[in-house]
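A.B. asks: Dumping the structure here so I can ask a few things about it.
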Amino acid sequence: MVKISRNIVTTQLQLFFLVAFLLFIFKIFFGSSDYVYLRILLDLLISASIFFLLLALVRFENSRTTAPLSLIMNVGILSAIMFFIITFSDYLMPGIFDNINLKLKNPGLVYDIVSVFYVLVFIGFVSYFLLTLRHFFFLNQGRNVRIYFNTMMIFFILASLSGNFFQAENVSFLSSTFLIVSVLLMVFNSIRISWIAFLSKKEKIYLLLLSFVITTLFIVNISNSSGDNIHSQMINAFSPSLKQFNVIVMVYGSIYFLILFFTTLFHLPTAEAYDRKAQEVTSLQYFSKLITEVLDFNDLAETVTDIAQKLSGSKATWIIWKNGAKQNSLAAKNIGFVESDKVTKQILERISFENLTSTRTFNIKEKISENPASNSLAVVSVSPIKTRGDTQGILVAAKGSGQIFTQDDLNAMETFSDYASVAIENSRLLEESIEKERLEKELDVAREIQRKILPLQVPVYPNLQVASVFIPAFEVGGDYYDFFKITETKLGFVIADVSGKGISAAFIMAEVKGIFESLSKTIERPKEILIKANEILKEALDSKTFVSAAYGYFDLAEKKLVFSRAGHCPLFLLRGGDSKQIRPSGLGLGLSDTDYFEKTLEEYSIDLNENDTIVLYTDGVTEAKNELLEDFGDKLFLQALQSNINLTAEELSNTIIKEITVFSSGHEQYDDITLVIFKWQQ
Amino acid sequence: MAEFSTSVRENGDISIINLKGFLDAHTAPTLESNFTQLINDSKFKIVVNFENLAYISSAGLGVFMAYIESIRDNKGDIKLTNMSDKVFNIFDLLGFPLLYEIYKNEEEAIKKFSGS
């Protein structure tokens, strides 16, 4: 875009230079002819040159955004330069022309070059002034503004030309009429100066000075241009219309800047109040934007105190934040933490978090510092910052002696602390939901791992029913069970529970599965498998993680069950009407070194009878809780098993799970539930 | 989940940690920081009183395993007292009585420290 607009500017400039060249040619051939058509042609050329230069400047202006004040500064500099040129032309030009006449053979040509160049410079000045005035005019975005300005421009041109062409007695009133209308339009178009209202007090003072200087310069330049000096003569000799146009634009400028000067002068007394209001509006706008953007709590606190300081015009601001039983000073602005803590103490002696529901003020009584700079604080306003309906923080703004908090200040702080509360609440909620989402994602992964680790189906044998039920907890509990077909007549099984929860437990489960899968292929005796597993896991796990496990196998040919227990829940044997908890000695895996583990580990063997039911489970079963936080427990578990003992293994496991579900319906399932049931039927 | 808190008392050169509430994966860090603090202060004779402990999970048991080695290396010990049957059963299942000295009350544990 920049490139394109630059190209356009170049084209306009080329046209301007072309016209300028034509002007030069014209001067060489015709000089200052009195022939009317030639004068019209000359004025057309001049108009064309001003027109193209204006177009080029407009494009150039539009390609960048300029503050009104810097544009005014430019006008000031240019009018000063103009002043110097006009003043010095009286002294320098005669000398130059004398030199030309003396030294050169063809002084007319050089004279023409110099005068065309001189005129072009003034065309440049006038174009820039006009452009800047046009820019200010369009700062007022009223309706029909374009028409007002264009009408004025037409009258400018008419007034300029008429002076030149209607000099006869009977038509000279036309020229005066056009001039009067032009001046009226200038005044009318200059009174729309609302843009200065948006300037700060400092900028208004600056503008006042500038507009005064510029008005003076313009008036001086007008009187210089209309007088009988070299400058005036040169321009007049070139084209009387141009001279007239030049004066008209300068008059417009002086009227505009004069009105600007007075308007600014009358705006000055209210400038400070306006500044404050504007500051409040921008701060609140900024803050409402902030609510949706800033996520980090500490960043937010910094911004809150920063804005509060500007908003209330305070010396220092900070936040008192309740952190459990303690209070912290946060994001202190323009005050040390030692001093702010002292003031905080004084505030909290007089009001508690709970009692502070709206903004109020306190005088600071005690000296807070030996340092006179920070000791000058005399009054504070305190506003509550509420989250979840409770006052969680206090926004403190402190002013020095001699300053007061006006009702406006307090209203602003009240509104602002409400905004701050919303923003802080938002950031807290967001943080929570991000954390929750992260945790849920992690648990999804953990559950997926667990789902893939556990067997898809139970092995099927003619004389051994096998059933298993697994119900994962929301936070993966680390339960694992598996079956291994060792030979055609030997079925290995393992049930284990990793300490801890979540993704780390899931990874350990995967490791445990690998260990048992490979060991079961090479070692037969449960005790030896567990010793080996303990040896591996003692190395692999950190000291606070361990695995409870029971490993065993059914020998279908020998009608025997052999198993060992490493810290896991006992095995239930239901035979006839009896039930038996079998709990051979054994430490959890990963708790102790091999020697001690081996020494304390027992192996247990059962000769199977018809209808023997063997139940393995994890503590999720017996520790399932009801709404009174009572455990399902061994007793209820055994009762449930015994009263349904005639069901198949499959039916029995489903029935037990149903009973557990009913029992714990009032309480969230906290741990994985695993239940494996074998039933021997020949 | 449920609440958990600890308090630490001194009895001569023996430190006594009282547990209260539910000790699980979420509340374990509280107890961990107690042990870390005691080890930093070179207090290696520790008695843990379970009287007010309602529940302990496997992650809770893990806390004791995490520190026992360095404490015993420094000629100290963690002795456990006043367990309810339910809590004892959880320790017992995993074989913890083979790894830790468990006493009926604090006095016995303290006496054991003084005796050895």
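Read-outs: derived from the displayed coordinates by stated rules, not from any lab. As the structure is a computational prediction, the values presented were derived from the model and not from experiment. In this analysis, Cβ positions are derived from the backbone assuming ideal geometry, glycine residues included, and neighbour counts consider all displayed protein chains.
A.B. asks: Once amide H atoms are placed 1.01 Å from N in the peptide plane, what residues at a sequence separation of 5 or more from B:Tyr103, or on another chain, have their amide H within under 5 Å of its amide H?
C.D. replies: Here the answer is B:Leu80, B:Thr81, B:Asn82, since their amide H atoms fall under 5 Å of that of B:Tyr103.
A.B. asks: Right, another one. Could you pull out the pairs from A:Lys580/A:Lys679; A:Lys485/A:Lys521; A:Lys490/A:Lys580; A:Lys501/A:Lys544 whose alpha carbons sit more than 19 Å apart here?
C.D. replies: Working: A:Lys580/A:Lys679 15 Å; A:Lys485/A:Lys521 9 Å; A:Lys490/A:Lys580 24 Å; A:Lys501/A:Lys544 13 Å.
In this structure, A:Lys490/A:Lys580 lie more than 19 Å apart at Cα.
A.B. asks: Sticking with this structure for a sec: Let me know the mean shielding of A:236-243 by other chains, meaning the per-residue number of their Cβ atoms within 10 Å of its Cβ.
C.D. replies: 0
A.B. asks: Between A:Glu602 and A:Ile486, take the C-beta separation as r, use R0 = 22 Å, and let me know the FRET efficiency to the nearest 0.05.
C.D. replies: Details: r = 21 Å, r/R0 = 0.96.
Between A:Glu602 and A:Ile486 the formula returns 0.55.
A.B. asks: Here is a further query. Please work out how many pairs of lysine residues in the stretch B:4-108 are eight or more positions apart (or on different chains) and have Cα atoms closer than 16 angstrom.
C.D. replies: Working: B:Lys20/B:Lys86; B:Lys43/B:Lys75; B:Lys43/B:Lys79; B:Lys45/B:Lys75; B:Lys45/B:Lys79; B:Lys79/B:Lys104; B:Lys86/B:Lys104.
Eligible lysine pairs with Cα atoms under 16 Å apart amount to 7.
A.B. asks: Just grab the label-to-label distance for A:Val422 and B:Glu32, each label 7 Å out from Cα along the Cβ direction, in nm (one decimal).
C.D. replies: Those two pseudo-labels are separated by 4.0 nm.
A.B. asks: Per residue of the stretch B:61-76, what does 6.51 cos²θ - 1.76 cosθ + 1.60 with θ = phi - 60° give for ³J(HN,Hα)? Whole Hz please, x for Gly and Pro, Karplus curve as stated.
C.D. replies: Calculated HN-Hα couplings, in order: 5, x, 4, 5, 5, 5, 10, 4, 4, 5, 5, 5, 4, 9, 6, x Hz.
A.B. asks: Please sort A:392-404, A:181-193 by packing, taking for each peptide the average over its residues of neighbouring beta carbons within 10 angstrom, highest first.
C.D. replies: On the way: A:392-404: 20.2, A:181-193: 17.2.
In decreasing order of mean packing, A:392-404, A:181-193 become A:392-404, A:181-193.
A.B. asks: Order of A:Met234, A:Met73 from fewest to most other C-beta atoms within 10 Å? Don't skip to the answer; put the middle values down first.
C.D. replies: Values: A:Met234 18, A:Met73 15.
If I rank by nearby Cβ atoms, fewest first, I get A:Met73, A:Met234.
A.B. asks: Continuing with this model, one more query. As an exercise, find the ratio Rg/Rh for chain A from alpha-carbon atoms, using the Kirkwood inverse-distance average for Rh.
C.D. replies: Details: Rg = 47.8 Å, Rh = 35.2 Å.
Rg/Rh: 1.36.
A.B. asks: If you don't mind, there's one more thing I want to ask. Please compute the contact order of the stretch A:298-432 in relative form: average sequence separation of alpha-carbon pairs under 8 Å and at least six residues apart, divided by the residue count, as a percent. Could the numbers behind the result be given before it?
C.D. replies: On the way: 222 pairs, mean separation 35.3, N = 135.
Worked out over the stretch A:298-432, it gives 26 percent.
A.B. asks: Under unit Cβ charges (Lys, Arg +1; Asp, Glu -1), what dipole magnitude, rounded to 20 debye, does the stretch B:4-108 have relative to its Cα centre?
C.D. replies: Working: 9 positive and 15 negative charges, 20 e Å.
Computed about the Cα centre, the dipole is about 100 debye.
A.B. asks: Report, in debye and to the nearest 20, how large the dipole of the protein assembly as shown comes out about its Cα centre when Lys and Arg carry +1 and Asp and Glu carry -1 on their Cβ. The partial results should precede the final answer.
C.D. replies: On the way: 72 positive and 88 negative charges, 878 e Å.
So the magnitude is around 4220 debye.
A.B. asks: Hey, another quick one. Would you list which aspartates and glutamates come within 15 Å of A:Lys27, measuring only between C-alpha atoms, while excluding same-chain residues fewer than 8 positions from it?
C.D. replies: Partners within reach: A:Asp43, A:Asp112.
A.B. asks: Got a sec? Charge dipole of the stretch A:298-432, +1 on Cβ for Lys and Arg, -1 for Asp and Glu; which of A:Ala332, A:Leu429, A:Ile364 is way out at the positive end?
C.D. replies: Of the candidates, A:Ile364 comes out farthest on the positive side.
A.B. asks: Something else: Taking other Cβ within 10 Å of each residue's Cβ, how do A:Trp680, A:Trp321 sort, fewest first?
C.D. replies: Details: A:Trp680 22, A:Trp321 18.
Arranged by neighbour count, lowest to highest, A:Trp680, A:Trp321 become A:Trp321, A:Trp680.
A.B. asks: So if I place +1 on the C-beta of Lys and Arg and -1 on the C-beta of Asp and Glu, and nothing else carries charge, what would the dipole magnitude of the stretch A:298-432 be about its Cα centre? I want it in debye, nearest 20. Spell out each step's value before the answer.
C.D. replies: Values: 15 positive and 17 negative charges, 84 e Å.
Dipole size: approximately 400 debye.
A.B. asks: Mean residue ellipticity at 222 nm from the helices of chain A, using -39,500 (n - 2.57) per DSSP H segment of n ≥ 4 over the full residue count, to the nearest 500 deg cm²/dmol? It would help to have the intermediate numbers written out before the result.
C.D. replies: Values: 19 runs with 408 residues, N = 682.
So the calculated ellipticity at 222 nm is -21000 deg cm²/dmol.
A.B. asks: OK, next. Which whole-number percent gives the relative contact order of chain B, counting Cα pairs below 8 Å spaced six or more residues apart? Please list the in-between numbers first.
C.D. replies: Values: 181 pairs, mean separation 28.3, N = 116.
Over chain B, the number comes to 24 percent.
A.B. asks: Between A:Ala273 and A:Phe88, what is the label-to-label distance in nm when each label sits 7 Å out along the Cα-to-Cβ direction?
C.D. replies: Inter-label distance under the simple model: 4.9 nm.
A.B. asks: Then there is this: Could you give the distance between the Cα centres of the stretch A:617-681 and the stretch A:522-557, to the whole Å?
C.D. replies: Computed from Cα coordinates, the inter-centre distance equals 26 Å.
A.B. asks: Just going by the charge dipole of chain A, with Lys and Arg at +1 and Asp and Glu at -1 on Cβ, which of A:Thr545, A:Thr674, A:Phe156 is farthest out on the positive end?
C.D. replies: Towards the positive end, the residue furthest out is A:Phe156.
A.B. asks: Which aspartates and glutamates, if any, have their Cα less than 14 Å from the Cα of B:Lys111, not counting same-chain residues under 8 positions apart?
C.D. replies: B:Asp13, B:Asp77, B:Glu101
A.B. asks: Using amide H atoms built 1.01 Å from N in the peptide plane, name the residues 5+ places from A:Leu464, or on other chains, whose amide H lies under 5 Å from its own.
C.D. replies: Under 5 Å from the amide H of A:Leu464: A:Gln681.
A.B. asks: Grab the Cα-Cα distance for A:Leu38 and A:Thr415, subtract it from 0.36 nm times how many residues apart they are, and report the gain in nm with one decimal. Don't jump to the answer; show the numbers that get you there.
C.D. replies: Details: separation 377, 0.36 × 377 = 135.72 nm, distance 7.23 nm.
Separation in residues times 0.36 nm, less the Cα-Cα distance, equals 128.5 nm.
A.B. asks: Then there's this: How high is the FRET efficiency between B:Asn105 and A:Asn298 when r is their beta carbon distance and R₀ equals 45 Å, given to the nearest 0.05? Write out the running numbers ahead of the final one.
C.D. replies: On the way: r = 49 Å, r/R0 = 1.08.
Rounded to the nearest 0.05, the efficiency is 0.40.
A.B. asks: Then there's this: Lys and Arg at +1, Asp and Glu at -1: add these up for the other residues within a Cβ distance under 12 Å of A:Trp195 and post the number.
C.D. replies: Numbers: positive: A:Arg192, A:Lys204; negative: A:Glu203.
It works out to a net charge of +1.
A.B. asks: Quick one: A:Ser548, A:Ser520, fewest Cβ neighbours within 10 Å first, how do they rank?
C.D. replies: Sorted ascending by nearby Cβ count, the order is A:Ser520, A:Ser548.
A.B. asks: Taking the Cα-to-Cβ direction at A:Ser194 and at A:His135 and moving 7 Å from each Cα, how far apart do the two end points lie in nm?
C.D. replies: 2.2 nm
A.B. asks: Another question, if that's okay. Quote the FRET efficiency, to the nearest 0.05, computed for A:Glu539 versus A:Lys635 with a Förster distance R0 of 45 Å and r equal to the Cβ-Cβ distance.
C.D. replies: With a Förster radius of 45 Å, E is 0.70.
A.B. asks: Still on this model: Straight-line reach from A:Lys345: which lysines have a Cα under 27 Å away, not including same-chain ones fewer than 8 places off?
C.D. replies: Within reach: A:Lys310, A:Lys315, A:Lys322, A:Lys326, A:Lys333, A:Lys365, A:Lys367, A:Lys386, A:Lys399.
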